[in-house]
Amino acid sequence: MLKAISKILMTCGIAMTTFMQVCALDLPVKHINGRAFYYYRVDKKDRAFSLAERLGIKVSDIGKYNPQAKDGLQSGMMLTFPVTIDAKVVNGYLTTTYTPSKDETVYGLAKRFDIPVERIIAFNPQAAQSIQNTTLIIPLQPTSDIAIEPTPVKSAQPSQIVTNEDDEDIDNIPAQEPDESLTQIRTYTIAKGETLSKIARENDISVQDILAMNPKLDPHKYQAGERILLPPIINLDEPEVAVTAPQPIQQQPVYQPPIPVQQPQTVVVDETPEYPVEEEIAFEPVEKTSALSIGIMFPFMLNEEEESKSAKLFTEFYRGFLLAAKELSQLGHPIKIYAYDTSASIDSVTRILNRVTRDSINIFVGPDDQTALTRIGRFAAANNGYVLNLFAVKDDSYKYMPSMIQANIPHDYMYDKAIKGFIEKYKGTTPVFLSRTDGNNDKIEFVNKLKSELKKKGVTPVDLTFDGSLSSEKLEELSLEKSYVFIPISGNASEFTKFAPALNSFRKKMTNPDKFALFGYPEWVMFRNERLDYLHALNTTIYSRFFTSTDSPLADRISTQYSDQFGTDMLEAVPSQGLLGYDTAIFLIKSLRNNEGNFAESSMAYDGIQSGFDLSQPAGVKGLVNLNLYFITFGPRRTTTKVQL
């Protein structure tokens, strides 16, 4: 960390001593607890002095507004600075000014400053037509709950070197009580026997949040009595701030969704290929109506200049969801769909929930972050709603949250169901367990459970252990007349290639090759080329939560519709997120029409193109679990069948 340097070269033409007055408009804005903040994510190359110089602030300002940075900057750390530093009040709003570049749009500005498009147009009527060659007033937030104090400004001549004797290295910023009006950071004393995981769970945060607030805390070495910092408590019931800005221009619509409303019963959706989720629509209060509705809360990351692979997959899911919704709307299944960009931020999740009218959304489709899921789940539980968790496979909040629906059959239930299906399918067949000396045994838990159940049924299996690769000689001890099903103790692809050739040779030698079978694991749905050929040759059955055949006519139809509608193909991924979105929409919309939002009372079983749903509430569980599981059989004649267990 650099030592304090007292001179800063001002490159913006005029020397200023506060953050906002130099380059406020070089940073995007987000709202935290209803207040607007400029934010910056620290890069691994950033140092305190160089960052302060680039932003036009004092080094001490970094620590003043970001207590977590007092011990040094860390890559990925989020820094925030209140907009009140340089705000001007116009029509009851804190405002700044901004001159758009030639490529910017009003939608891009709305995302950049985390405000609705309508609010920008209300202060800048010309923006309804164009935002080029003009300086705009940007209304950042209402003044109703913020007292603005004037900020002194030191003036200087262009290119003058200004001495700031009070600038200090961020390492040397003295510890101070944070300004609770800005941060509401809490202190916490670790009790005897407490773990960081328990503290995070009880405070509705993540362990990563704790470590970010306490950079010097060793997650493996801490003790009772140690004091740590915790993030702010965020109130989900924070009242909505009244809008006092002028009414927006009505003559020209700001946004025209490309999926038109054909009749009163059609789906209400908002989608364009460029902007899959419009925040000015998502964050407006939803009018309470009798219509059933679904809220999709994903990290679409619309503020990022370059779309990440993860954001692309979430967008693909959403588009597949829209295809199904539009299709069902033409059959008389009207559902309102609201999409929200969580920006991978718990603050954004809270802000969204603050703007959702009570009882207006029947079920949310949640993101992959467990902390965000828990927060959405609590909100839904308080308002007679549900959260469908599709992506956090290991999340177990369904065990204690009545509002949570785990869409992926949990590990133990999956093993129990697969084993039951195995015993029924292979009655009268001798199981042969394959293990390689010093090989991978990642499925040993499943194998041990299967062996235990076989023992209860009086079935005696054969254990074959081999070195290197399985040889034909090793299999000679087996009869060519009997029926066998081979079960490896690993689902690893490289392990598969160690035994598949020898098994295929043995199958060909059998008196009746149809008496040969191989049983495998979900990972094998990804096999292609030679490994896929072996799956078929060895009459393989696997268990999996999802599957779609590469030559499925239904999948081809949806893929074609997707390309025609959005001008791009679905990504190459297993599972396909576009098909997952399609299947999920079919299930949710049809279920909502049947149960009017009460999934605990009734939900339909659904076998989709790729995924299926069969909700249940196991004993001792407060939420709901999708117990759907498939057996997929790759037949010797290149046939593939999928059966719901």
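The values are calculated or read from the model by the stated rules, or taken from the named source; none is laboratory data. Here the structure is a predicted model, which is why all the values come from computation and not from measurement. Don't worry about glycine lacking a Cβ; one is built from the backbone with ideal geometry, like all the others, and counts go over all protein chains shown. Only protein heavy atoms, including side chains, enter the accessible area calculation; ligands, DNA and RNA are left aside. Shrake-Rupley method; radii C 1.70, N 1.55, O 1.52, S 1.80 Å.
Things to note:
- Out-of-range pairs (alpha-carbon distance over 30 Å; input K443/K642; K198/K309; K198/K417): K198/K309; K198/K417
- Derived scalar couplings between HN and Hα for segment 435-444 equal 9, 9, 4, 6, x, 6, 10, 5, 10, 5 Hz in order, rounded to whole Hz, by the Karplus curve 6.51 cos²θ - 1.76 cosθ + 1.60 (θ = phi - 60°), x for Gly and Pro.
- Amide H contacts under 5 Å for V432, placed H, 5+ residues apart: V462, V485, F486, I487
- Put a plus charge on the Cβ of each Lys and Arg, a minus charge on the Cβ of each Asp and Glu, and nothing anywhere else: the dipole of segment 420-498 about its Cα centre is then about 540 debye.
- Cβ-based net charge around F634, under 11 Å, with every Lys or Arg adding one and every Asp or Glu removing one: +3
- Surrounding net charge for Y534, when Lys and Arg each add one and Asp and Glu each subtract one, Cβ distance under 15 Å: +3
- A straight chain from T568 to E305 at 0.36 nm per residue would run longer than the Cα-Cα distance by 92.8 nm.
- For the residue pairs K30/K336; K312/K425; K427/K509; K30/K64, the alpha carbons lie more than 29 Å apart in K312/K425.
- Stretch gain in nm, segment K622-R54, where the contour uses 0.36 nm per residue and the Cα spacing is subtracted: 199.3 nm
- Across all C-alpha atoms in segment 468-564, the radius of gyration and Dmax reach 16.2, 57 Å.
- Filtered trypsin sites (Lys or Arg not before Pro), segment 522-599: DSSP coil and at most 10 other beta carbons within 10 Å: R528
- The simple Förster model, with R0 at 41 Å and r as the Cβ-Cβ distance, assigns D438 and T560 a FRET efficiency of 0.30.
- Area of M526 that stays accessible when all protein chains are in place (1.4 Å probe, Å², to 10): 110 Å²
- Amide H to amide H, with H built 1.01 Å from N, D114 comes under 5 Å of V29, counting only residues 5 or more places away or on other chains.
- Solvent-accessible ranking of M301, M404, largest area first, probe 1.4 Å: M301, M404
- Net charge contributed by nearby residues that have their C-beta within less than 15 Å of L480 (K/R +1, D/E -1): +1
- Ordered by 1.4 Å accessible area with all protein chains kept, H220, H411 run largest first as H220, H411.
- With a simple spin-label model that places each label point 7 Å from the Cα along the Cα-to-Cβ direction, the separation between Q644 and E104 comes to 5.1 nm.
- Computing FRET efficiency as 1/(1 + (r/R0)^6) for D533 and N133, where r is the C-beta to C-beta distance and R0 is 45 Å, gives about 0.10.
- Using θ = phi - 60° and Karplus 6.51 cos²θ - 1.76 cosθ + 1.60, couplings along segment 624-641 (whole Hz; Gly, Pro as x): 10, 10, 7, 8, 5, 8, 10, 9, 10, 10, 9, x, x, 9, 6, 8, 9, 10
- Built amide H within the under 5 Å cut-off of G635, gap 5+: T640, T641
- Integer Hz, Karplus 6.51/-1.76/1.60 couplings in order for segment 40-45, x for Gly and Pro: 8, 9, 5, 8, 4, 8
- Spatially proximal lysines relative to K192 (Cα-Cα < 21 Å; intrachain offsets below 8 disregarded): K216, K221
- Rg ratio (alpha-carbon, reference 2.2 N^0.38 Å) - segment 512-584: 1.34
- Rounded accessible area of I57 (nearest 10 Å², 1.4 Å probe): 0 Å²
- Probe 1.4 Å, all protein chains present, accessible-area order of L470, L554, largest first: L554, L470
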